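*Asks:* So that we are looking at the same thing, I have put the structure below in structure tokens.
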């Protein structure tokens with residue numbers, strides 16, 4: 001289990017670097033274009049990893065294509081919503097709201113995977129929900145309320161939390177019988193296709209007006225020479241993070257691994273301050289602390305149960 005936790009923490013660090021590059025790109029390029037770069041170049045990392053292990057191409061074979069399709073749709077939806085939230089919100093705020101994901105995973109792990117979810121874990125879910133609601137309160141009209149942009153970003157972040165939770169639960173089901181390489185490959189391939197389709201829709205969208213202007217903005221924009229490295233880098237880091245994360249879910253329970261998503265707040269605070277001159281509000285920090293405390297409750301209850309067992 002400790003190895004799985006270590007891989008999860010490493011994945012949060014790598015993903016945070018990817019997110020910083022995505023946020024940088026979102027100021028100039030469309031969501032579809034960023035999704036394409038993030039997914040397509042991640043495939044190259046996967047292939048290199050499988051070749052190094054002597055598992056290419058046999059690791060890509062599958063007997064459960066429909067299972068991969070479900071995971072890939074949820075994962076691609078997560079990419080679109082998460083990248084939108086990073087474009088609309090400060091890095092730490094979007095990360096903190098994404099903490100709703102582990103709470104969803106605990107619930108889904110009990111219902112769909114039939115993992116043991118004791119009273120202490122349910123109490124942690126209830127506590128964590130309070131933290132999430134506190135952060136939402138600020139974005140949707142509470143103290144220090146932000147603009148419509150902030151509210152839309154908050155909805156995207158929560159939607160992403162649900163989508164990524166669904167993807168992780170399906171990942172946990174897949175890795176019981178499927179090779180990790182296949183799980184990552186089908187997800188990244190689907191993301192690449194989705195990115196291309198979004199850009200095509202933006203290019204061919206008819207008419208004018210607010211909706212048409214938004215859709216036209218999703219078309220392909222040829223990157224400036226100095227932007228190729230950050231865009232490709234987002235894909236390479238995304239591929240590495242995906243491998244680390246998928247490996248972690250093969251080594252430990254989904255409801256335990258999910259708790260270590262909270263380490264991403266450390267990276268988000270540092271990267272947001274250094275590269276974007278951002279600082280989260282006090283309300284967001286309090287809400288994030290409450291949710292993190294809920295995660296610690298889950299971890300402690302699991303350790304106590306294992307000692308008793």
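The values are calculated or read from the model by the stated rules, or taken from the named source; none is laboratory data. Computed from a predicted model, the values in this text were never measured in an experiment. Neighbour counts run over all protein chains shown; Cβ positions are idealised from the backbone, glycine included.
Okay, residues lined up against (1) assigned to a loop (DSSP other than H, G, I, E, B); (2) surrounded by fewer than 17 Cβ atoms within 10 Å (Cβ to Cβ); (3) at pLDDT 90 or above:
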{"position": "165", "(1), (2), (3)": "no, no, no"}
{"position": "177", "(1), (2), (3)": "yes, yes, no"}
{"position": "195", "(1), (2), (3)": "no, no, yes"}
{"position": "208", "(1), (2), (3)": "yes, yes, no"}
{"position": "213", "(1), (2), (3)": "no, yes, no"}
{"position": "218", "(1), (2), (3)": "yes, no, no"}
{"position": "231", "(1), (2), (3)": "no, no, yes"}
{"position": "234", "(1), (2), (3)": "no, no, yes"}
{"position": "242", "(1), (2), (3)": "no, no, no"}
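*Asks:* Which pairs turn up if I take residues in segment 110-127 that are under 21 Å from residue 168 (Cα atoms) and look for partners that are in a loop (DSSP other than H, G, I, E, B) with beta carbon separation below 8 Å, at least 6 apart in sequence or on another chain?
*Replies:* Filtered contacts from segment 110-127: 110/116; 110/117; 115/253.
*Asks:* If you go through segment 93-101 one residue at a time, do you hit one that is crowded, with 23+ Cβ neighbours inside 10 Å, modelled with pLDDT of 90 or more and more than 18 Å from residue 240 (Cα to Cα)?
*Replies:* no
*Asks:* Answer yes or no: is there a residue in segment 245-252 that is in a loop (DSSP other than H, G, I, E, B), modelled with pLDDT under 90 and surrounded by 17 or more Cβ atoms within 10 Å (Cβ to Cβ).
*Replies:* We begin by selecting, within segment 245-252, every residue in a loop (DSSP other than H, G, I, E, B); these are 252.
Going one step further and asking which of them are modelled with pLDDT under 90, we end up with 252.
Restricting the remaining residues to those that are surrounded by 17 or more Cβ atoms within 10 Å (Cβ to Cβ) gives 252.
Yes, there is a match, as at least one residue in segment 245-252 is in a loop (DSSP other than H, G, I, E, B), modelled with pLDDT under 90 and surrounded by 17 or more Cβ atoms within 10 Å (Cβ to Cβ).
*Asks:* Now a separate question. If you check 230, 206, 223, which single one turns out to be farther than 30 Å from residue 111 by Cα and free of Cβ contacts under 8 Å to residues at least 40 places away in the same chain? Full working, then the answer.
*Replies:* On the way: 230 fails: free of Cβ contacts under 8 Å to residues at least 40 places away in the same chain; 223 fails: free of Cβ contacts under 8 Å to residues at least 40 places away in the same chain.
None of the other options fit; the residue is 206.
*Asks:* Another question about this same structure. With respect to residue 15, is the statement that it is more than 14 Å from residue 267 (Cα to Cα), in contact (Cβ under 8 Å) with a residue 40 or more places away in the chain and in a helix (DSSP H, G or I) true? Even if it seems obvious, please write down each step before you answer.
*Replies:* Working: more than 14 Å from residue 267 (Cα to Cα): no; in contact (Cβ under 8 Å) with a residue 40 or more places away in the chain: yes; in a helix (DSSP H, G or I): yes.
So residue 15 does not fit the description; no.
*Asks:* Also: For residue 26, indicate whether it is at pLDDT below 90 and over 24 Å from residue 104 (Cα atoms).
*Replies:* Values: at pLDDT below 90: yes; over 24 Å from residue 104 (Cα atoms): yes.
Judged against the criteria, residue 26 is a match.
*Asks:* When you look at residue 114, is it at pLDDT 90 or above and either out of contact with any strand residue (DSSP E or B) (no Cβ under 9 Å at 6 or more places or on another chain) or surrounded by fewer than 18 Cβ atoms within 10 Å (Cβ to Cβ) (or both), yes or no? Give the derivation first.
*Replies:* Values: at pLDDT 90 or above: no; either out of contact with any strand residue (DSSP E or B) (no Cβ under 9 Å at 6 or more places or on another chain) or surrounded by fewer than 18 Cβ atoms within 10 Å (Cβ to Cβ) (or both): yes.
Judged against the criteria, residue 114 is not a match.
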